[in-house]
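Shown next, in structure tokens, is the structure this report addresses.
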Amino acid sequence: MATSETEKRPLTSPSRRLEAVPAYMFAELERRVAEKRQAGVDVISLGIGDPDRATYPHIVEAMQTAVADPANHRYPTNRGREEFRRACAGFYADRFGVEIDPESEAMPAIGAKECIYHLCFAFLDPGDVALAADPGYPVYTAGPALASAEAVLMPLRPELGFVPDLGPIPGEALTRARLLFLNYPNNPTGAVVPEGFFERVVELAREHELLVVHDNSYSETTYDGYVAPSFLATPGAKQVGIEVFSLSKGFNMTGWRCAAVLGNADAIASYWRLKTNVDSGLFEAVQLAGAAALTGPRGPIEEMNAVYARRRDLVVDALRGIGVPIEPPKGTIYVWAPVPDGHTSASFAERVLEEAAVVVSPGSMYGPSGEGFFRISLTTPDDQIAEAMARIREHLA
């Protein structure tokens with residue numbers, strides 16, 4: 001018999017908003033890998049984008065110094081250390097040509113994932129809409145759901161270079177929309193933003209009173225001479241948007257949970273108001289290490305990108321060798337490829353796991369428009385990537 005609205009649920013039942021969100025997909029990938037390895041299978045995982053190389057030495061040294069200072073052991077200021085905010089502003093000026101006021105337009109975040117979730121609670125009410133890229137980082141849809149709002153998907157069109165066609169967004173959704181999530185260079189597709197697209201986004205945001213949230217997690221991981229722009233460099237962007245800049249991928253700092261939100265001062269003030277009620281800020285030693293990362297040399301980044309480019313080419317060559325049509329991506333740590341004929345995303349990933357003992361991410365995990373594709377992460381040592389591709393070639397050629 002169905003439980004009525006007034007009937008009390010068991011004490012450990014999750015909230016209805018939590019029940020509306022599926023289990024985080026990478027947790028399921030980790031579970032599958034652990035299960036196979038416990039059974040004695042030599043599984044190579046190309047599923048999760050977690051850099052395998054160490055954080056750059058000058059960042060670690062800055063952290064060691066900062067963590068030994070008792071002054072950094074107290075509650076941090078939620079607004080962020082001045083050194084970190086000024087480092088963010090200096091980095092954006094030098095790297096992107098964007099002027100940021102470190103007092104009002106920059107604030108630390110405990111990783112991009114936390115930041116995006118908090119933005120949903122800061123700006124979405126029940127009945128509101130967030131426009132979310134599809135395929136996309138799952139937080140763009142789970143965040144609105146947890147905030148009792150609705151995510152309306154914007155399919156990323158392959159024929160448009162994996163950007164959404166902004167024209168067909170339903171008018172009813174635009175009327176209720178408050179947030180618009182974008183991410184370039186793009187996870188999971190590896191696409192880079194086409195010329196003129198950010199300008200069209202600014203126009204749409206102005207017309208419909210949207211706050212644009214650009215997830216800038218991969219700007220420092222690019223290849224073949226491509227240099228990724230910041231959304232905030234687009235004329236008018238700061239009036240309608242903010243950017244989440246993560247140090248996780250470009251600086252090999254995934255475990256440090258160090259990011260920043262930058263841009264529209266009023267939006268950042270609202271974000272700060274929420275954070276003062278839900279967390280106590282980013283550990284100040286991590287902020288000082290983040291400042292060292294942002295003001296440090298670019299040599300380690302360039303060396304890491306050379307490693308990823310080599311791995312990318314290895315994967316692309318192997319996939320082409322088994323008949324998968326693919327162009328090498330210019331950004332991110334991922335290769336996004338169509339599944340072979342006769343397969344769905346899930347059936348291909350399952351076959352690769354069962355026959356080749358290799359984990360790839362089915363594109364359908366990232367949204368309905370990801371169906372027909374799979375994602376390979378480049379964050380595995382070269383020899384393991386080579387072995388994984390040899391297994392795939394052997395079993396699936």
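The values are calculated or read from the model by the stated rules, or taken from the named source; none is laboratory data. Here the structure is a predicted model, which means the values were calculated and not measured. Here the Cβ positions follow ideal geometry from the backbone for every residue, glycine too, while neighbour counts run over all protein chains shown. What goes into the accessible areas is simple: the full protein's heavy atoms, side chains included, and nothing from ligands, DNA or RNA. Shrake-Rupley method; radii C 1.70, N 1.55, O 1.52, S 1.80 Å.
Observations
- Summing Cβ point charges (Lys, Arg +1; Asp, Glu -1) relative to the Cα centre of the chain gives a dipole of roughly 600 debye.
- Solvent-accessible area per residue, Å², over segment 352-397 with all protein chains present [probe radius 1.4 Å]: 35 Å²
- Cβ-defined net charge surrounding ASN305, 15 Å radius [Lys, Arg +1; Asp, Glu -1]: +1
- For segment 60-108, accessible area per residue (1.4 Å probe, heavy atoms of protein chains only), Å²: 54 Å²
- Based on C-alpha pairs under 8 angstrom that are at least 6 apart in sequence, the chain has a relative contact order of 23 percent.
- Relative contact order %, segment 345-397, counting alpha carbon pairs below 8 Å whose residues are six or more apart: 32 percent
- Computed over the chain with a Gaussian network model linking Cα atoms closer than 10 Å, the most mobile of ALA34, ALA177, ALA349 is ALA34.
- Atom-type composition of the exposed protein surface of the chain places 52 percent of the accessible area on carbon and sulfur (1.4 angstrom probe).
- Counted as membrane-span-like here are DSSP H helices of the chain whose alpha-carbon atoms extend 27 Å or more along the helix's own axis and whose Kyte-Doolittle mean is -1.0 or above; these are 299-321.
- Per residue value of the accessible surface for segment 117-177 (all protein chains in place, 1.4 Å probe), Å²: 36 Å²
- Comparing VAL192, VAL315, VAL60 in a Gaussian network model of the chain, where Cα atoms under 10 Å apart are tied by springs, the biggest mean-square fluctuation is seen for VAL60.
- Looking at the chain, the DSSP beta bridges with both ends there are about 50 percent antiparallel.
- Farthest positive-ward along segment 334-397 dipole, Cα basis, beta-carbon charges - from ALA349, SER377, TRP336: TRP336
- Gaussian network model of the chain, springs between alpha carbon atoms under 10 Å - residue of LEU314, LEU156, LEU182 with greatest fluctuation: LEU314
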